[in-house]
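Down below is the structure, laid out as C-alpha coordinates.
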Amino acid sequence: MTRKFGVGALIAAATVLLGAIPAQAQESGADAVQLVLDNLWVFIAGVLVFLMQAGFGMVEAGMTRAKNVGNIMAKNMADMCIGALAFFAFGFGIAFGTDGGSIIGTDGFFLSGAFTDFGDGLSTPTFFFFQVVFAATAVTIASGAMAERTKFSAYLVFSFFMTALIYPVVVHSFWHGDGLLSDLDIGGAKFGDFAGSTIVHSTGGWAALMGAIFLGPRIGKYDENGKPRALPGHNIAYVVLGVFILWFGWFGFNPGSELAADEFVMRAAVTTLLAAAAGGVVAGAVIWAKTGLLDVAMTGNGVLAGLVGITAGTATMNPLGAVVTGAIAGVIVVYSVLFFDRVRIDDPVGAISVHGVCGVWGTLAVGLFSRYDDAFVGRDNAGLFYGGGIEQLIVQLIGVVIVFAWVTVTTGILFAIMKRTMGLRVSREVEIEGLDLHEHGVPGYGPDTPSPVR
(Lines give C-alpha, C1' and ligand atoms only; values in the text may rest on other atoms or scores of the structure.)
Protein backbone atom coordinates (compact mmCIF):
# COMPACT_ATOMS: atom_id res chain seq x y z
CA MET A 1 0.00 0.00 0.00
CA THR A 2 1.42 3.35 -0.99
CA ARG A 3 0.86 6.53 0.93
CA LYS A 4 0.65 9.87 -0.80
CA PHE A 5 2.03 12.99 0.85
CA GLY A 6 0.89 16.42 -0.16
CA VAL A 7 3.10 19.45 -0.57
CA GLY A 8 1.86 20.77 2.76
CA ALA A 9 3.01 17.64 4.60
CA LEU A 10 6.45 17.84 2.98
CA ILE A 11 6.81 21.46 3.98
CA ALA A 12 5.70 20.79 7.55
CA ALA A 13 8.15 17.91 7.98
CA ALA A 14 11.06 19.84 6.51
CA THR A 15 10.21 22.85 8.66
CA VAL A 16 10.57 20.74 11.81
CA LEU A 17 13.96 19.48 10.63
CA LEU A 18 15.35 22.81 9.54
CA GLY A 19 14.16 25.05 12.34
CA ALA A 20 12.04 28.14 12.10
CA ILE A 21 11.36 29.38 8.59
CA PRO A 22 10.38 33.03 8.17
CA ALA A 23 6.62 33.41 7.85
CA GLN A 24 6.86 35.66 4.83
CA ALA A 25 8.53 32.83 2.92
CA GLN A 26 5.30 30.82 3.07
CA GLU A 27 3.27 33.23 0.94
CA SER A 28 2.99 30.63 -1.76
CA GLY A 29 3.48 26.89 -2.00
CA ALA A 30 6.18 27.24 -4.62
CA ASP A 31 8.17 29.69 -2.55
CA ALA A 32 7.89 27.47 0.50
CA VAL A 33 9.07 24.40 -1.39
CA GLN A 34 12.01 26.37 -2.81
CA LEU A 35 12.91 27.52 0.68
CA VAL A 36 12.92 23.95 1.96
CA LEU A 37 15.07 22.86 -0.97
CA ASP A 38 17.51 25.72 -0.37
CA ASN A 39 17.91 24.80 3.28
CA LEU A 40 18.27 21.10 2.54
CA TRP A 41 20.85 21.72 -0.19
CA VAL A 42 22.97 24.02 1.98
CA PHE A 43 22.82 21.46 4.80
CA ILE A 44 23.94 18.66 2.45
CA ALA A 45 26.71 20.88 1.09
CA GLY A 46 27.83 21.52 4.67
CA VAL A 47 27.98 17.77 5.29
CA LEU A 48 30.27 17.42 2.27
CA VAL A 49 32.53 20.16 3.60
CA PHE A 50 32.51 18.47 7.02
CA LEU A 51 33.91 15.33 5.35
CA MET A 52 36.83 17.38 4.04
CA GLN A 53 38.25 17.27 7.56
CA ALA A 54 38.93 13.56 6.99
CA GLY A 55 40.52 14.37 3.65
CA PHE A 56 42.87 16.90 5.21
CA GLY A 57 43.80 14.37 7.88
CA MET A 58 44.66 11.68 5.35
CA VAL A 59 46.69 13.98 3.10
CA GLU A 60 48.68 15.34 6.04
CA ALA A 61 49.21 11.93 7.61
CA GLY A 62 50.33 10.38 4.33
CA MET A 63 52.80 13.16 3.58
CA THR A 64 54.43 12.95 7.03
CA ARG A 65 56.21 10.15 8.85
CA ALA A 66 54.65 7.16 10.56
CA LYS A 67 55.80 8.23 14.01
CA ASN A 68 53.49 11.27 13.89
CA VAL A 69 50.35 9.88 12.23
CA GLY A 70 48.31 9.84 15.46
CA ASN A 71 49.26 13.42 16.22
CA ILE A 72 48.14 14.53 12.75
CA MET A 73 44.76 12.87 13.24
CA ALA A 74 44.40 14.33 16.74
CA LYS A 75 44.96 17.86 15.42
CA ASN A 76 42.35 17.44 12.70
CA MET A 77 39.83 16.10 15.20
CA ALA A 78 40.61 18.97 17.58
CA ASP A 79 40.10 21.52 14.81
CA MET A 80 36.51 20.41 14.34
CA CYS A 81 35.74 20.00 18.05
CA ILE A 82 37.36 23.21 19.27
CA GLY A 83 36.51 25.07 16.08
CA ALA A 84 32.79 24.30 16.35
CA LEU A 85 32.61 25.46 19.96
CA ALA A 86 34.75 28.58 19.44
CA PHE A 87 32.79 29.58 16.34
CA PHE A 88 29.51 28.97 18.18
CA ALA A 89 30.57 31.06 21.16
CA PHE A 90 32.38 33.92 19.44
CA GLY A 91 33.26 33.46 15.78
CA PHE A 92 29.78 33.36 14.24
CA GLY A 93 28.75 36.53 16.04
CA ILE A 94 31.95 38.32 15.05
CA ALA A 95 31.51 37.20 11.44
CA PHE A 96 27.78 37.77 10.96
CA GLY A 97 26.47 39.77 13.92
CA THR A 98 25.21 43.33 13.65
CA ASP A 99 27.99 45.60 12.46
CA GLY A 100 27.22 48.77 14.38
CA GLY A 101 29.88 50.67 12.46
CA SER A 102 32.71 48.49 13.75
CA ILE A 103 34.98 46.04 11.97
CA ILE A 104 33.38 43.07 13.72
CA GLY A 105 29.94 41.83 14.61
CA THR A 106 28.85 43.08 18.02
CA ASP A 107 26.10 40.61 18.90
CA GLY A 108 24.88 37.12 18.10
CA PHE A 109 27.36 35.34 20.33
CA PHE A 110 26.27 31.82 21.33
CA LEU A 111 23.78 32.03 18.41
CA SER A 112 21.66 34.65 20.14
CA GLY A 113 20.59 38.09 18.94
CA ALA A 114 20.10 39.57 15.50
CA PHE A 115 21.74 38.41 12.31
CA THR A 116 21.84 39.53 8.73
CA ASP A 117 19.57 37.94 6.12
CA PHE A 118 21.17 34.67 5.11
CA GLY A 119 20.69 34.37 1.38
CA ASP A 120 16.99 34.29 0.57
CA GLY A 121 15.67 32.92 3.83
CA LEU A 122 18.10 30.32 5.15
CA SER A 123 17.40 29.49 8.77
CA THR A 124 20.06 30.45 11.32
CA PRO A 125 20.84 26.79 12.14
CA THR A 126 21.34 25.99 8.44
CA PHE A 127 23.60 28.96 7.86
CA PHE A 128 25.59 28.38 11.05
CA PHE A 129 26.18 24.74 10.17
CA PHE A 130 27.49 25.66 6.73
CA GLN A 131 29.75 28.42 8.07
CA VAL A 132 31.21 26.46 10.97
CA VAL A 133 32.63 23.78 8.67
CA PHE A 134 34.29 26.54 6.64
CA ALA A 135 35.88 27.88 9.83
CA ALA A 136 37.25 24.45 10.68
CA THR A 137 38.70 24.19 7.17
CA ALA A 138 40.55 27.49 7.53
CA VAL A 139 42.36 26.40 10.69
CA THR A 140 43.09 22.85 9.49
CA ILE A 141 45.04 24.23 6.54
CA ALA A 142 47.76 25.33 8.94
CA SER A 143 48.02 21.91 10.56
CA GLY A 144 50.04 20.39 7.73
CA ALA A 145 52.61 23.19 7.59
CA MET A 146 53.14 22.90 11.35
CA ALA A 147 53.32 19.11 11.35
CA GLU A 148 55.86 16.90 13.15
CA ARG A 149 57.22 19.51 15.56
CA THR A 150 54.39 21.49 17.21
CA LYS A 151 53.30 21.05 20.81
CA PHE A 152 49.76 19.74 20.85
CA SER A 153 48.75 22.16 23.62
CA ALA A 154 50.06 25.12 21.61
CA TYR A 155 48.20 23.94 18.54
CA LEU A 156 44.95 23.83 20.51
CA VAL A 157 45.40 27.47 21.54
CA PHE A 158 46.06 28.44 17.93
CA SER A 159 42.98 26.52 16.77
CA PHE A 160 40.78 28.37 19.27
CA PHE A 161 41.95 31.89 18.36
CA MET A 162 41.86 31.15 14.65
CA THR A 163 38.19 30.12 14.69
CA ALA A 164 37.06 32.51 17.42
CA LEU A 165 38.66 35.72 16.10
CA ILE A 166 41.19 35.77 13.27
CA TYR A 167 39.16 34.02 10.57
CA PRO A 168 35.79 35.56 11.61
CA VAL A 169 37.15 39.10 11.20
CA VAL A 170 38.12 38.29 7.61
CA VAL A 171 34.66 36.87 6.97
CA HIS A 172 32.93 39.89 8.48
CA SER A 173 35.02 42.29 6.44
CA PHE A 174 34.17 40.76 3.06
CA TRP A 175 31.11 38.51 3.32
CA HIS A 176 29.01 40.51 5.78
CA GLY A 177 26.65 42.93 4.06
CA ASP A 178 27.81 45.82 6.26
CA GLY A 179 31.43 44.70 6.62
CA LEU A 180 34.24 47.21 6.37
CA LEU A 181 35.39 45.90 2.99
CA SER A 182 32.23 44.33 1.58
CA ASP A 183 31.58 47.56 -0.34
CA LEU A 184 35.17 48.00 -1.52
CA ASP A 185 34.59 49.58 -4.92
CA ILE A 186 36.97 50.79 -7.64
CA GLY A 187 35.31 52.16 -10.75
CA GLY A 188 32.20 50.08 -10.07
CA ALA A 189 34.19 46.86 -9.50
CA LYS A 190 33.66 45.15 -6.13
CA PHE A 191 35.78 42.49 -4.48
CA GLY A 192 34.63 39.04 -5.53
CA ASP A 193 35.49 35.80 -3.73
CA PHE A 194 32.54 33.50 -4.25
CA ALA A 195 33.53 30.58 -2.00
CA GLY A 196 36.76 31.73 -0.37
CA SER A 197 40.02 31.40 -2.32
CA THR A 198 41.29 34.28 -0.18
CA ILE A 199 38.74 34.50 2.62
CA VAL A 200 39.11 30.84 3.60
CA HIS A 201 42.14 29.34 1.88
CA SER A 202 44.64 32.19 1.89
CA THR A 203 43.62 32.96 5.46
CA GLY A 204 44.59 29.42 6.40
CA GLY A 205 47.64 29.52 4.14
CA TRP A 206 49.07 32.70 5.68
CA ALA A 207 48.51 31.31 9.17
CA ALA A 208 50.41 28.22 8.00
CA LEU A 209 53.24 30.44 6.74
CA MET A 210 53.63 32.17 10.10
CA GLY A 211 53.44 28.89 11.97
CA ALA A 212 56.18 27.36 9.82
CA ILE A 213 58.37 30.46 10.25
CA PHE A 214 58.05 30.56 14.03
CA LEU A 215 58.58 26.82 14.40
CA GLY A 216 61.57 26.57 12.08
CA PRO A 217 62.45 23.53 9.93
CA ARG A 218 62.18 19.94 11.11
CA ILE A 219 65.34 18.22 12.32
CA GLY A 220 67.14 16.77 9.32
CA LYS A 221 65.31 18.81 6.71
CA TYR A 222 68.48 20.68 5.67
CA ASP A 223 72.05 19.41 5.36
CA GLU A 224 75.14 21.17 6.69
CA ASN A 225 75.21 23.37 3.59
CA GLY A 226 71.59 24.42 3.96
CA LYS A 227 70.39 22.30 1.05
CA PRO A 228 66.91 20.84 1.55
CA ARG A 229 66.56 17.10 1.99
CA ALA A 230 63.47 15.08 1.18
CA LEU A 231 61.71 13.70 4.26
CA PRO A 232 59.29 11.37 2.48
CA GLY A 233 55.85 10.73 3.82
CA HIS A 234 55.01 7.22 4.92
CA ASN A 235 51.82 6.39 2.99
CA ILE A 236 51.10 7.62 -0.53
CA ALA A 237 47.77 5.76 -0.52
CA TYR A 238 46.58 8.01 2.32
CA VAL A 239 47.56 11.04 0.24
CA VAL A 240 45.64 9.98 -2.84
CA LEU A 241 42.55 8.93 -0.89
CA GLY A 242 42.70 12.21 1.00
CA VAL A 243 42.88 14.17 -2.24
CA PHE A 244 39.78 12.39 -3.55
CA ILE A 245 37.89 13.00 -0.29
CA LEU A 246 38.78 16.68 -0.48
CA TRP A 247 37.79 16.83 -4.14
CA PHE A 248 34.47 15.18 -3.26
CA GLY A 249 33.91 17.62 -0.39
CA TRP A 250 34.67 20.58 -2.65
CA PHE A 251 31.43 19.84 -4.51
CA GLY A 252 29.79 21.09 -1.33
CA PHE A 253 32.31 23.84 -0.68
CA ASN A 254 31.87 25.65 -4.00
CA PRO A 255 28.33 24.87 -5.20
CA GLY A 256 27.03 25.16 -1.64
CA SER A 257 28.30 28.71 -1.42
CA GLU A 258 25.47 29.71 -3.73
CA LEU A 259 23.32 29.33 -0.57
CA ALA A 260 20.41 28.24 -2.74
CA ALA A 261 19.33 25.34 -4.92
CA ASP A 262 19.36 27.09 -8.28
CA GLU A 263 20.94 27.00 -11.72
CA PHE A 264 24.32 28.24 -10.51
CA VAL A 265 24.92 25.12 -8.39
CA MET A 266 25.74 22.88 -11.33
CA ARG A 267 27.79 25.61 -13.03
CA ALA A 268 29.95 25.76 -9.91
CA ALA A 269 30.18 21.96 -9.79
CA VAL A 270 31.43 21.77 -13.39
CA THR A 271 34.03 24.52 -13.00
CA THR A 272 35.20 22.88 -9.76
CA LEU A 273 35.65 19.54 -11.50
CA LEU A 274 37.50 20.94 -14.50
CA ALA A 275 39.87 23.21 -12.58
CA ALA A 276 40.92 20.36 -10.28
CA ALA A 277 41.55 18.03 -13.20
CA ALA A 278 43.61 20.66 -15.02
CA GLY A 279 45.63 21.40 -11.90
CA GLY A 280 46.48 17.75 -11.41
CA VAL A 281 47.48 17.18 -15.03
CA VAL A 282 49.68 20.27 -15.24
CA ALA A 283 51.37 19.86 -11.84
CA GLY A 284 52.13 16.23 -12.65
CA ALA A 285 53.53 17.19 -16.05
CA VAL A 286 55.71 19.97 -14.63
CA ILE A 287 57.28 17.85 -11.89
CA TRP A 288 57.72 14.95 -14.33
CA ALA A 289 59.56 17.24 -16.75
CA LYS A 290 61.79 18.59 -13.96
CA THR A 291 62.70 15.28 -12.30
CA GLY A 292 62.00 12.61 -14.89
CA LEU A 293 59.51 11.00 -12.51
CA LEU A 294 55.82 11.50 -11.79
CA ASP A 295 55.63 12.64 -8.16
CA VAL A 296 52.25 11.36 -6.96
CA ALA A 297 52.08 13.67 -3.94
CA MET A 298 52.89 16.72 -6.05
CA THR A 299 50.25 15.70 -8.57
CA GLY A 300 47.75 15.46 -5.73
CA ASN A 301 48.75 18.93 -4.60
CA GLY A 302 48.14 20.08 -8.17
CA VAL A 303 44.55 18.84 -7.92
CA LEU A 304 44.12 20.73 -4.65
CA ALA A 305 45.77 23.82 -6.13
CA GLY A 306 43.25 23.76 -8.97
CA LEU A 307 40.42 23.48 -6.45
CA VAL A 308 41.70 26.39 -4.39
CA GLY A 309 42.28 28.43 -7.53
CA ILE A 310 38.75 28.07 -8.86
CA THR A 311 37.04 28.65 -5.50
CA ALA A 312 36.86 32.45 -5.89
CA GLY A 313 35.46 32.43 -9.41
CA THR A 314 33.65 29.12 -9.55
CA ALA A 315 30.23 30.68 -10.28
CA THR A 316 31.44 33.52 -12.49
CA MET A 317 33.81 31.75 -14.89
CA ASN A 318 32.94 29.62 -17.88
CA PRO A 319 34.40 26.09 -18.20
CA LEU A 320 37.34 27.23 -20.31
CA GLY A 321 38.24 29.90 -17.76
CA ALA A 322 38.11 27.23 -15.06
CA VAL A 323 40.49 24.98 -16.98
CA VAL A 324 42.97 27.82 -17.51
CA THR A 325 42.73 28.89 -13.86
CA GLY A 326 43.31 25.34 -12.63
CA ALA A 327 46.16 24.73 -15.05
CA ILE A 328 48.03 27.86 -13.99
CA ALA A 329 47.49 26.88 -10.35
CA GLY A 330 49.13 23.54 -11.18
CA VAL A 331 52.25 25.33 -12.41
CA ILE A 332 52.30 27.75 -9.50
CA VAL A 333 52.08 25.10 -6.80
CA VAL A 334 55.14 23.19 -8.04
CA TYR A 335 57.42 26.22 -8.15
CA SER A 336 55.99 27.63 -4.93
CA VAL A 337 56.75 24.42 -3.01
CA LEU A 338 60.30 24.43 -4.37
CA PHE A 339 60.70 28.11 -3.48
CA PHE A 340 59.68 27.71 0.15
CA ASP A 341 62.03 24.74 0.48
CA ARG A 342 64.91 26.88 -0.79
CA VAL A 343 64.25 29.73 1.65
CA ARG A 344 64.15 27.29 4.61
CA ILE A 345 60.43 27.53 5.32
CA ASP A 346 59.64 23.89 5.98
CA ASP A 347 56.10 22.99 4.99
CA PRO A 348 55.74 19.18 5.06
CA VAL A 349 52.56 19.07 2.97
CA GLY A 350 52.79 22.20 0.79
CA ALA A 351 49.88 23.92 2.55
CA ILE A 352 51.31 27.41 2.15
CA SER A 353 51.67 26.92 -1.58
CA VAL A 354 48.37 25.12 -2.19
CA HIS A 355 46.17 27.36 -0.07
CA GLY A 356 48.04 30.63 0.47
CA VAL A 357 49.74 31.20 -2.87
CA CYS A 358 47.15 29.49 -5.09
CA GLY A 359 44.41 31.22 -3.10
CA VAL A 360 45.94 34.52 -4.19
CA TRP A 361 46.07 33.33 -7.79
CA GLY A 362 42.43 32.25 -7.72
CA THR A 363 41.34 35.58 -6.33
CA LEU A 364 43.27 37.51 -8.97
CA ALA A 365 41.94 35.19 -11.67
CA VAL A 366 38.47 36.60 -10.99
CA GLY A 367 39.81 39.90 -12.29
CA LEU A 368 40.93 38.16 -15.48
CA PHE A 369 38.42 35.46 -16.38
CA SER A 370 35.12 36.46 -14.78
CA ARG A 371 32.37 36.83 -17.34
CA TYR A 372 29.52 39.32 -17.33
CA ASP A 373 27.03 38.10 -19.91
CA ASP A 374 23.42 36.93 -19.86
CA ALA A 375 24.34 33.96 -17.65
CA PHE A 376 25.98 36.14 -15.06
CA VAL A 377 23.77 39.19 -14.79
CA GLY A 378 23.93 40.42 -11.24
CA ARG A 379 27.17 38.61 -10.52
CA ASP A 380 30.70 39.99 -10.40
CA ASN A 381 31.96 42.51 -12.92
CA ALA A 382 33.68 41.17 -16.01
CA GLY A 383 37.35 40.31 -15.85
CA LEU A 384 40.05 41.91 -17.96
CA PHE A 385 39.86 39.27 -20.70
CA TYR A 386 36.11 39.74 -21.07
CA GLY A 387 36.07 43.48 -21.57
CA GLY A 388 35.87 44.53 -17.95
CA GLY A 389 38.98 46.68 -17.75
CA ILE A 390 41.61 46.54 -15.03
CA GLU A 391 39.44 47.78 -12.14
CA GLN A 392 38.29 44.30 -11.10
CA LEU A 393 41.87 43.05 -11.01
CA ILE A 394 42.93 46.01 -8.86
CA VAL A 395 40.16 45.52 -6.32
CA GLN A 396 40.99 41.81 -6.13
CA LEU A 397 44.62 42.65 -5.41
CA ILE A 398 43.65 45.08 -2.65
CA GLY A 399 41.54 42.40 -0.97
CA VAL A 400 44.41 39.92 -1.16
CA VAL A 401 46.84 42.37 0.46
CA ILE A 402 44.41 43.26 3.26
CA VAL A 403 43.86 39.61 4.21
CA PHE A 404 47.59 38.87 4.04
CA ALA A 405 48.37 41.79 6.35
CA TRP A 406 45.65 40.95 8.88
CA VAL A 407 46.44 37.25 9.13
CA THR A 408 50.22 37.48 9.19
CA VAL A 409 50.20 40.21 11.85
CA THR A 410 47.63 38.58 14.13
CA THR A 411 48.98 35.04 13.87
CA GLY A 412 52.52 36.38 14.18
CA ILE A 413 51.61 38.04 17.47
CA LEU A 414 49.85 34.88 18.66
CA PHE A 415 52.77 32.59 17.81
CA ALA A 416 55.28 35.01 19.35
CA ILE A 417 53.35 35.09 22.63
CA MET A 418 53.01 31.30 22.72
CA LYS A 419 56.69 30.81 21.91
CA ARG A 420 57.71 33.03 24.83
CA THR A 421 55.24 31.56 27.32
CA MET A 422 53.95 28.01 26.88
CA GLY A 423 56.38 27.10 24.13
CA LEU A 424 55.55 26.28 20.54
CA ARG A 425 57.88 23.47 19.52
CA VAL A 426 58.49 20.08 21.11
CA SER A 427 61.93 19.13 22.37
CA ARG A 428 64.54 17.55 20.14
CA GLU A 429 64.06 14.19 21.84
CA VAL A 430 60.30 14.25 21.28
CA GLU A 431 60.67 15.26 17.65
CA ILE A 432 63.16 12.49 16.92
CA GLU A 433 61.20 9.77 18.67
CA GLY A 434 57.84 10.92 17.38
CA LEU A 435 54.93 12.96 18.70
CA ASP A 436 52.58 10.00 18.89
CA LEU A 437 54.31 8.45 21.88
CA HIS A 438 55.24 11.63 23.73
CA GLU A 439 52.14 13.73 23.06
CA HIS A 440 49.49 11.01 23.05
CA GLY A 441 50.95 8.01 24.86
CA VAL A 442 50.51 5.42 22.10
CA PRO A 443 51.94 4.90 18.62
CA GLY A 444 49.72 5.78 15.70
CA TYR A 445 50.18 2.23 14.50
CA GLY A 446 50.05 -0.78 16.81
CA PRO A 447 53.29 -2.19 18.28
CA ASP A 448 53.18 -5.17 15.88
CA THR A 449 52.76 -2.97 12.80
CA PRO A 450 55.96 -2.05 10.93
CA SER A 451 56.23 1.73 11.02
CA PRO A 452 59.85 2.80 10.59
CA VAL A 453 60.89 5.95 12.45
CA ARG A 454 62.95 8.19 10.24
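The values are calculated or read from the model by the stated rules, or taken from the named source; none is laboratory data. If you're wondering where the values come from, they're calculated on a predicted model, not measured in any experiment. Backbone-built Cβ (ideal geometry, glycine too); neighbour counts: all protein chains shown. We work out accessible area using only protein heavy atoms, side chains counted, and drop any ligands, DNA or RNA first. Shrake-Rupley method; radii C 1.70, N 1.55, O 1.52, S 1.80 Å.
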Using a cut-off of 26 Å between alpha-carbon atoms, which lysines can reach Lys67, once sequence neighbours fewer than 8 places away in the same chain are excluded? Lys75, Lys151, Lys221, Lys227, Lys419
Please arrange Ile413, Ile186, Ile72 by accessible surface area, largest first, computed with a 1.4 Å probe and ligands excluded. Ile413, Ile186, Ile72
If you count only protein heavy atoms with a 1.4 Å probe, what accessible area per residue comes out for the range 203-274, rounded to a whole Å²? 40
Nearest 10 degrees, 0 to 90: helix 7-18 Cα axis against the chain principal axis: 40
Per the Kirkwood treatment, what hydrodynamic radius in Å, one decimal, follows for the range 187-307 from the mean inverse distance over all distinct Cα pairs? 16.9
Per the helix-only calculation at 222 nm, which mean residue ellipticity applies to the chain, given -39500 (n - 2.57) for every DSSP H run of n ≥ 4 and division by its residues, nearest 500 deg cm²/dmol? -19500 deg cm²/dmol
Karplus-derived 3J(HN,Hα), 6.51/-1.76/1.60, for each residue of the range 281-294, Hz, glycine and proline x: 4, 6, 4, x, 5, 5, 5, 5, 5, 7, 10, x, 9, 8
Quick one: if you stick a label point 7 Å off each Cα along the C-beta vector at Ala89 and Ile103, how many nm between them? 2.3
Cβ-placed point charges (K, R +1; D, E -1), dipole of the chain about Cα centre in debye, nearest 20: 1400
Based on DSSP loop calls and a cut-off of at most 16 other Cβ atoms within 10 Å, the longest stretch of the chain free of exposed GluC sites (Glu not before Pro) is what? 28-223
Rounded to the nearest 0.05, FRET efficiency between Trp288 and Ile413 (Cβ-Cβ, R0 41 Å) equals 0.50
Show me, for the range 387-393, the HN-Hα J-couplings you get by feeding each phi into the Karplus relation (A = 6.51, B = -1.76, C = 1.60, θ = phi - 60°), rounded to Hz, glycine and proline as x. x, x, x, 8, 4, 5, 5
Just by accessible area at a 1.4 angstrom probe, what is the order of Lys151, Lys190 from largest to smallest? Lys190, Lys151
For the range 167-227, state what percent of all Cα-Cα pairs lands in each successive 10 Å bin, counting from 0 Å until the bin that includes the largest distance. 19, 34, 21, 14, 11, 1
Amide H contacts under 5 Å for Tyr222, placed H, 5+ residues apart: Arg229
